[in-house]
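Engineer: Structure in structure tokens, see below.
The values are calculated or read from the model by the stated rules, or taken from the named source; none is laboratory data. Everything numeric here is computed off the predicted structure, so don't read it as measured data. Note that we place each Cβ from the backbone using ideal geometry, even for glycine, and neighbour counts take in every protein chain shown. Each accessible area value is taken on the protein alone, full model and side chains, heavy atoms only, with ligands, DNA and RNA left out. Shrake-Rupley method; radii C 1.70, N 1.55, O 1.52, S 1.80 Å.
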Amino acid sequence: MYTKPDEDTIVKSYETARGRFGAFGVDTEKAMEQFKTIPISLHNWQGDDVRGFEGMEGVASQNLVTGNYPGAARNGDEMRMDIDKAFSLSPCKHRVNLHSMYAEPARPTPRNELTADDFSAWIRWAKERGYGLDFNASFFTHPMMIDGFSLASRRKDVRDYWIKAGKGAREISKVMGETLGTACINNIWVPDGLKDLPANRMLYREYLKDSLDQIFEKTFDHRVTYDVLEGKLFGIGTECFTVGSHEFYLAYAAKNGKGVCMDTGHYHPTETVVDKISSVALLVDDILLHVSRGIRWDSDHVLIQGDDLTGLMQELKRAGLFGKIAIGLDYFDASINRVAAWVIGLRAAGKAMLTALLEPSDLLEKAEAEGDFTSRLALLEEFKNLPVNAVWDYLCLVNGVPVGAAWLDVLKEYENTIQAARR
Ligand code: RNT
Ligand code: ZN
């Protein structure tokens, strides 16, 4: 058992921390208030290794997930229960990001004929709990992914199939946004690409552009739903050429008033989304972040704390973009408890967000404006060790969430009782 510190200690440590931050002009109470207004959209697909509920076993997957930890959710009820459990262990404000392969239609329905009715259990649940929903058509793990292509396929019947799915996803997003009273972000990511050198890059990109033009023919109220496009440098099996590159989507979005989704695992390892945010945000209105952790060729390790993540949250804070840029998580690991993977990522993202909110950013900006780069660097180092964790523990305490490693006890109990019974 990981006993949590007693309440008295947590409160006393918080009071000390409050004074330390106060000395730099930072109001910890205000930071905690703001924290509760910034949602993190949890990716439902970590719950079952991006398998979906359609029984697509044996069909090629374009999202490689490794590991066989027992206890994966097998249906919507189990997955919703798992997400509820994960949320009970995180003090963040939560939304849920859903893929269309998690529909629960009354009878088997082709993916491109799904309607909001097929997500009614998800919508009802989200409404009851007060979660917003985000959405994605699943352009992968499906017999109509011919040679790994969807919207950019050379085959018209394949493109048409997926264009219909793309249009349907926007209608579903509309109902989700309307019902829940918070805009549902509709994200498009397609794996289309080639392992080896293409003879005709332009052709595929023309097809993708045309498919998107058709998907976006209809206009929706931005307060209800809006679209973002997620590019990628490469994937396994598409090492040489990815049709939906960043340049492609960024240019498409800028020209057509669409948004972009930047996944932190989708760039060359020396590039960072931290530096891209201000460039894109000035000229593109809608941005969704897929916060992930890239390791070598894998773009989707479980999110943990570190300079990359903290830097991302600091950038949002310093640029005044908290609440304007949407934050979602995106990773999948089947080698550890899947609910724990969610909790680890949520708590890491939450801590990084709180770290950013507590940063005495004004002092860094002042030093820079005065040309005092010595102070800027020195302060940056000092701020790294301010007692954020004392504020975090207190935040967990007042939100009724386990403090410190105590959440793991709750998780193990859930694993031994609920998940162990899923055989
Ligand atoms: C894949 C993209 C995409 C997927 C999900 C399942 O490289 O990151 O966001 O992870 O759509
Ligand atoms: Zn992603």
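Engineer: With every protein chain present, what accessible area does residue 240 have (1.4 Å probe, heavy atoms only), rounded to the nearest 10 Å²?
Structural biologist: Approximately 50 Å² for this residue.
Engineer: Order these peptides, 219-225, 311-317, by their mean beta-carbon neighbour count within 10 angstrom, highest first.
Structural biologist: 311-317, 219-225
Engineer: Also, I was wondering about something else. Among the DSSP beta bridges whose two residues both lie in the chain, what percent are antiparallel, rounded to the nearest 5?
Structural biologist: Once the DSSP bridges in the chain are tallied, antiparallel ones form about 15 percent.
Engineer: In addition: In terms of solvent-accessible area of protein heavy atoms at a 1.4 angstrom probe, what is the ranking of 57, 413, 239, 78, highest value first?
Structural biologist: Most to least solvent-accessible, the answer reads 57, 413, 239, 78.
Engineer: Taking only Cα atoms and a 10 Å spring cutoff, compute GNM fluctuations for the chain and point out the largest among 374, 141, 28.
Structural biologist: Among 374, 141, 28, the largest mean-square fluctuation in the Gaussian network model of the chain belongs to 374.
Engineer: Using per-residue counts of other Cβ atoms within 10 Å, averaged over each peptide, order 192-204, 352-364 from highest down.
Structural biologist: Descending packing order for the listed peptides: 352-364, 192-204.
Engineer: Post the alpha-carbon centroid distance, segment 299-361 to segment 100-131, in whole angstrom.
Structural biologist: Computed from Cα coordinates, the inter-centre distance equals 28 Å.
Engineer: Could you work out the Rg to Rh ratio of segment 324-381, with Rh taken as the Kirkwood radius (inverse of the mean 1/r over all Cα pairs)?
Structural biologist: 1.21
Engineer: Given labels modelled 7 Å from the Cα in the Cβ direction, how far is it in nm from residue 8 to residue 389?
Structural biologist: Output for this residue pair reads 2.2 nm.
Engineer: Same structure, new question: Just the accessible area per residue of the chain, please: how many Å² with a 1.4 Å probe?
Structural biologist: Dividing the accessible area of the chain by its residue count gives 45 Å².
Engineer: Normalised by the empirical 2.2 N^0.38 Å for globular proteins, what value does the Cα Rg of segment 361-422 take?
Structural biologist: Output field value: 1.93.
Engineer: Taking θ = phi - 60°, what integer Hz values does the Karplus form 6.51 cos²θ - 1.76 cosθ + 1.60 yield along segment 94-99, in sequence order, with x for Gly and Pro?
Structural biologist: 10, 10, 10, 9, 10, 9
Engineer: Residues with beta-carbon under 12 Å from that of residue 160, excluding residue 160: net charge, scoring Lys, Arg +1 and Asp, Glu -1?
Structural biologist: +3
Engineer: Same structure, new question: Please state, to two decimals, what the Cα-based radius of gyration of segment 59-115 comes to when divided by 2.2 N^0.38 Å (N = residues).
Structural biologist: Compactness ratio reported: 1.39.
Engineer: A further question follows. Using just the C-alpha positions of segment 150-294 as equal point scatterers, what log10 of I(q)/I(0) does the Debye formula give at each q in 0.12 1/Å?
Structural biologist: So the normalised log intensities work out to -0.50.
Engineer: I would also like to ask the following. Plugging the Kirkwood radius over Cα pairs into Stokes-Einstein for segment 85-229, at a temperature of 37 °C and a viscosity of 0.692 mPa s, what D comes out in µm²/s?
Structural biologist: 203
Engineer: Between residue 398 and residue 307, what FRET efficiency follows from the Cβ-Cβ distance if R0 is 22 Å, with the result rounded to 0.05?
Structural biologist: So the FRET efficiency works out to roughly 0.20.
Engineer: Comparing 107, 95, 80, which has the greatest mean-square fluctuation in the GNM of the chain with Cα pairs linked when under 10 Å apart?
Structural biologist: Fluctuation is largest for 107.
Engineer: In the calculated pair distance distribution of segment 318-423, what percentage of Cα-Cα distances lie above 18 Å?
Structural biologist: 64
Engineer: Could you check which residue among 245, 150, 375 shows the biggest mean-square fluctuation in a GNM of the chain with a 10 Å Cα cutoff?
Structural biologist: 375
Engineer: Can you list the DSSP H helices in the chain whose Cα atoms extend at least 27 Å along the helix axis and whose mean Kyte-Doolittle hydropathy is -0.5 or higher?
Structural biologist: Counting only whole DSSP H runs, the qualifying helices are 338-358.
Engineer: Do any of 167/276; 258/412; 4/36 go past 31 Å between their Cα atoms, and which?
Structural biologist: 258/412
Engineer: What's the local net charge at residue 302, with K and R +1, D and E -1, over the other residues with C-beta under 9 Å away?
Structural biologist: -1
Engineer: Before rounding to the nearest 500, sum -39500 (n - 2.57) across all DSSP H runs of length at least 4 in the chain and divide by the residue total; then give [θ] at 222 nm in deg cm²/dmol.
Structural biologist: -14000 deg cm²/dmol
Engineer: Using R₀ = 60 Å, calculate the FRET efficiency as 1/(1 + (r/R₀)^6) where r is the Cβ-Cβ separation of residue 366 and residue 107; round to 0.05.
Structural biologist: Taking R0 as 60 Å, the efficiency between residue 366 and residue 107 is 0.40.
Engineer: Let me ask you something else. What does the net charge come to around residue 132 if you take all other residues with beta carbon closer than 11 Å to its beta carbon, with K and R at +1 and D and E at -1?
Structural biologist: +3
Engineer: Quick one: accessible surface of residue 272, probe radius 1.4 Å, all protein chains present, in square angstrom to the nearest 10.
Structural biologist: 60
Engineer: Same structure, new question: Calculate I(q)/I(0) for segment 1-149 by the Debye formula, one identical point scatterer on each C-alpha and no solvent, and give its log10 at q = 0.09, 0.12, 0.17, 0.21 Å⁻¹ to two decimals.
Structural biologist: Ignoring solvent entirely, the Cα scatterers give -0.44, -0.67, -1.02, -1.36.
Engineer: At 0.36 nm per residue, minus the direct Cα-Cα distance, what do residue 171 and residue 378 gain on full extension? Give it in nm, one decimal, please.
Structural biologist: Computed gain between residue 171 and residue 378 is 69.4 nm.
Engineer: Ordering 135, 373 by how much accessible area each has at a 1.4 Å probe, largest first, what is the list?
Structural biologist: Ranked from most to least accessible, the order is 373, 135.
Engineer: Carbon and sulfur: what percent of the chain's accessible surface (1.4 Å probe)?
Structural biologist: Its accessible area is 52 percent carbon and sulfur atoms.
Engineer: Which semi-axes, in whole Å and largest first, does the equivalent ellipsoid of the chain have when worked out from the alpha carbon gyration tensor as the square roots of 5 times its eigenvalues?
Structural biologist: One finds semi-axes of 36, 27, 19 Å for the chain.
Engineer: Place the peptides 46-53, 154-161 in order of packing, highest mean first, counting for every residue the other Cβ atoms within 10 Å and averaging per peptide.
Structural biologist: Going by the mean number of other Cβ atoms within 10 Å, highest first, we get 46-53, 154-161.
Engineer: Now a separate question. Sorted by accessible area (1.4 Å probe), largest first, how do 2, 252 line up?
Structural biologist: Order by accessible area, largest first: 2, 252.
Engineer: Along its principal axes, what span do the Cα atoms of segment 176-262 show, with the longest given first and each in whole Å?
Structural biologist: Largest first, segment 176-262 extends 46, 23, 17 Å along its Cα principal axes.
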